[in-house]
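The values are calculated or read from the model by the stated rules, or taken from the named source; none is laboratory data. Computed from a predicted structure; not experimentally measured. We place every Cβ from the backbone using ideal geometry, glycine too, and count neighbours over all the protein chains shown. In case anyone asks, the SASA skips ligands and DNA or RNA and just uses the protein heavy atoms, side chains included. Shrake-Rupley method; radii C 1.70, N 1.55, O 1.52, S 1.80 Å.
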Amino acid sequence: MATLCPLHKNNYIIAVITLFLFHLVCYSVTATANINNNNGGFSARLIRRNSKNSPLYKYKNNKVFRRLMGPDTAGAPMTTDPDSGQHIMKFSMGTPPFDIYAIADTGSDLLWTQCQPCKVCYKTKFDIFDPRKSSTYRSISCWASDCRLIQNPSVYPPNFCRENAEETCVYHAAYASGHNSTGPFAKETVTFTSTADKVVTVEDYLFGCGNENNFHGNNLGVIGLGRGPLSLVSQMAPYVGGKKFSHCFVADPNIESKIYFGNGSEVLGEGVLTETMAEPNGGYTLTISGITIENDFVPFNSTGTLRKKANMLVDSGTPLSRLPQDFFDRVITQLNNTVKLESFMQKGGELSNICFNYTTLPKLPTVALEFESGGKLQLNENQLFHIDENRKVFCFMMMNSTSDFMIFGGTLQTDFLIGFDLDRKVVSFKPTNCADFNNN
């Protein structure tokens with residue numbers, strides 16, 4: 001999920017949680033865990049948000065598709081709902097355990113959920129976690145070392161914590177979508193059930209207890225899977241074999257996907273493309289040189305106005321991929337030159353993408369990402385194009401963006417086994433039939 005954080009001295013904005021992570025080396029997460037597993041690693045289920053098996057599925061009013069153009073626009077095609085590609089992960093919090101469904105998000109670090117007493121909470125069909133009913137909830141004071149992991153000048157005035165050491169620690173998470181969450185930063189027992197039905201318990205997990213939330217949907221929060229010390233990956237690392245995980249998203253929304261943590265999550269074998277994460281630590285950022293459409297190369301930065309490094313974020317929380325406007329325009333021009341069919345731009349607010357009318361569906365163009373390293377990641381047509389056979393239209397599923405970096409979103413991640421190794425600082429991609437792989 002696209003989130004905000006200052007990154008470079010030029011104040012580039014990258015999609016990482018807006019938490020000023022001070023003293024990352026000096027302060028460590030203090031979670032403890034009891035993991036009953038042969039090799040320390042474990043896997044968990046992921047459910048597509050719009051799946052019929054999802055607890056968030058709206059049986060009476062579900063819209064798997066929505067119009068990005070107005071409903072009266074002639075020839076306006078249907079395209080996938082931008083939220084429908086998110087994946088939901090179930091876990092329990094507190095003692096006694098309280099079930100929570102939250103978005104699995106590689107674009108942020110913090111785990112937060114809506115909490116009582118709510119000052120501002122969005123509607124959900126689920127009950128909201130009440131820390132007053134849990135015997136393992138632990139508040140954190142403003143002056144505690146753990147609080148310094150999330151201190152934000154917009155929350156605390158200068159010297160506030162020094163002068164008010166016993167005040168409750170407060171977090172503020174702000175996302176590029178405009179949504180945000182604020183509340184006490186605390187410790188709690190978090191429990192996961194693995195796909196092998198083994199219970200994984202992490203005590204003293206640092207999380208956000210959101211009682212002021214500007215969000216949407218029936219989910220109860222976000223599970224941050226990013227590179228920072230507060231992410232699930234980092235807090236669980238000592239007990240599962242290291243800071244590494246992988247996931248394999250199934251293209252069919254009604255088949256569950258899986259996420260793998262620690263030992264056993266490595267992406268190995270023939271056909272693996274491994275890329276080094278860009279620095280500084282700003283999420284799972286890689287550096288691409290451009291996109292190849294058929295045999296024609298479109299450079300990412302042709303004018304010197306876009307980034308040269310750390311210009312692509314791998315973000316499971318943003319379903320539809322985004323391209324900076326200048327790059328987007330040049331990619332669209334090349335698609336028009338390649339496809340040579342009548343096309344039109346489909347718009348919805350600030351977002352737009354290109355669609356083509358057809359009589360007989362042509363062979364769709366091949367598209368690949370070219371990395372600075374020389375690596376090449378071939379994308380398949382199911383990841384790239386949405387075909388509406390009723391309207392005889394197919395649409396390119398990459399949108400424009402006002403940012404200066406590309407978001408490699410959840411739709412493009414389907415049928416790739418993608419591994420994130422924070423210790424080695426690499427991201428690995430392997431084309432995979434995820435429905436078959438997750439059943440092994």
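Expressed in Å, the radius of gyration and Dmax of the Cα atoms of the range 238-282 are 13.4, 38. In this label model, T305 and R162 are separated by 4.4 nm, measuring between points 7 Å along each Cα→Cβ vector. Dividing the radius of gyration of the alpha carbons in the range 100-160 by their Kirkwood radius gives 0.99 for Rg/Rh. Radius of gyration (Cα atoms) of the range 144-228, expressed as a multiple of 2.2 N^0.38 Å: 1.27. Cut-off 12 Å, label point 7 angstrom out along Cα-to-Cβ of K90: give me the residues of the range 100-121 whose amide nitrogen falls inside. Zone members listed by number: 100-102.
Which percent of the accessible area of the range 205-321 is formed by carbon and sulfur heavy atoms (probe 1.4 angstrom)? Write out the running numbers ahead of the final one.
Details: 1740 of 3560 Å².
In the range 205-321, the share of accessible area belonging to carbon and sulfur is 49 percent.
Ordered from longest to shortest, the equivalent ellipsoid semi-axes for the range 303-348 are 23, 16, 9 Å, each the square root of 5 times a Cα gyration tensor eigenvalue.
Take the Cβ atoms of K133 and D252, set R0 to 35 Å, and the FRET efficiency comes out at 0.35. For the pair Q378 and F297, label points projected 7 Å from Cα toward Cβ lie 1.9 nm apart. Across the range 306-427, Cα-Cα pairs farther apart than 20 Å form 45% of the total.
The K125 and A435 beta-carbon pair, evaluated with R₀ = 22 Å, returns a calculated FRET efficiency of approximately 0.15.
Stokes-Einstein at 10 °C, 1.306 mPa s, Kirkwood radius from Cα pairs: D for the range 84-129 in µm² s⁻¹?
For the chosen part, D equals 132 µm²/s.
With every protein chain in place and a 1.4 angstrom probe, the accessible-area ranking of K376, K258, largest first, reads K376, K258. Where the alpha-carbon atoms of the range 180-219 are placed on the principal axes, they occupy 35, 24, 10 Å, in descending order. Across all Cα pairs in the range 193-329, the calculated P(r) in 10 Å bins from zero up to the longest distance comes to 9, 28, 35, 21, 6, 0 percent per bin. Exposure check, 1.4 Å probe, all protein chains in place: S246 carries approximately 0 Å² of accessible surface. Label-to-label distance for N336 and L361 is 2.5 nm, based on points extended 7 Å past Cα in the beta-carbon direction.
In the assembled protein chains, I387 presents an accessible area of approximately 60 Å² (probe radius 1.4 Å).
Relative contact order for the range 280-371: what percent, with Cα pairs under 8 Å and sequence separation of 6 or more?
Details: 103 pairs, mean separation 32.8, N = 92.
Over the range 280-371, the number comes to 36 percent.
By the Cα gyration tensor, the range 93-196 has an equivalent ellipsoid whose semi-axes, rounded to whole angstrom, run 25, 17, 14 from largest to smallest.
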